[in-house]
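Take a look at this one; I'll ask things after.
The values are calculated or read from the model by the stated rules, or taken from the named source; none is laboratory data. Model, not experiment: these values are computed from the prediction. Note that each Cβ is placed from the backbone with ideal geometry, even for glycine, and that neighbours are counted across all protein chains shown. The accessibility values were calculated without ligands, DNA or RNA, using every heavy atom of the protein model including side chains. Shrake-Rupley method; radii C 1.70, N 1.55, O 1.52, S 1.80 Å.
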Amino acid sequence: MRMDTISGLAEQFGVSTRTIRYYEELGLLKPSRTEGGRRIYNARDVTRLKLIIRGKRFGFSLDEIKEMILLFDEDQTGEKQLKVTIQYGQEKLAEVNERICELVEIREEIERLLTEFKGRLSE
């Protein structure tokens, strides 16, 4: 069974140990402890951390990420987790598409203004 320390995970995922401890405080990670009190993370914790980081990268809130992750504990078939993940994913995709439209409009306006300004300089 794979076992990782907090510093090992922090280095592997490019996050601080404080961030990992915060995720533990939120109940997202549940490491075991050595007799000396050191945290030891198993494969499940590593997988959860991957999901947390991916979720953050996609713009999900920690509450949304927590709900999606903890649903698997509630329903081992993964069906509830998948349904909620699909719902949140569709909402996030709509937000991303809306933002892309906004950025395209901004780009077009900047291009139009640059063309106009260059034309003024050429006169």
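Which entry in (i) 1.01; (ii) 1.59; (iii) 0.95 matches Cα Rg over 2.2 N^0.38 Å derived from the coordinates of this structure?
(ii)
Taking 8 Å as the Cα distance limit and 6 or more residues as the minimum spacing, I'd like the relative contact order of the chain as a percentage. Let's see the in-between values first.
Details: 74 pairs, mean separation 20.2, N = 123.
After rounding, I find 16 percent.
If you don't mind, another one. Over the heavy atoms of Lys30, what accessible area does a 1.4 Å probe trace out, to the nearest 10 Å²?
Here the residue's solvent-accessible area equals roughly 120 Å².
Oh, and also: Work through the residues other than Asp73 whose Cβ is under 14 Å from its Cβ and net out their charges, Lys, Arg +1 and Asp, Glu -1. Present the calculation step by step, with values, prior to reporting the outcome.
On the way: positive: Lys30, Arg44, Arg48, Lys66, Lys80; negative: Asp45, Glu67, Glu74, Asp75, Glu79.
Overall, the nearby charge balance is 0.
Output the 0 to 90 degree angle, nearest 10, between the alpha-carbon long axis of helix 79-122 and the longest principal axis computed from the alpha carbons of the chain.
30 degrees
Note the full-extension length gain between Lys83 and Glu111 as 0.36 nm times their separation in residues minus their Cα-Cα distance, in nm to one decimal.
Values: separation 28, 0.36 × 28 = 10.08 nm, distance 4.17 nm.
Full-extension gain reported as 5.9 nm.
List the GluC sites (Glu not before Pro) within the range 34-109 that fall in a DSSP loop (any state other than H, G, I, E or B) and whose Cβ has at most 13 other Cβ atoms within 10 Å.
Glu35
Going 7 Å from the Cα of Arg38 toward and past its Cβ, which residues in the range 1-22 have a backbone nitrogen under 13 Å from where you end up?
From the range 1-22, the list is 3-9.
While we're on this one: To test your reading of the geometry: what angle, between 0 and 90 degrees and rounded to tens, separates the Cα axis of helix 62-74 from the longest principal axis of the chain?
Approximately 40 degrees, to the nearest ten.
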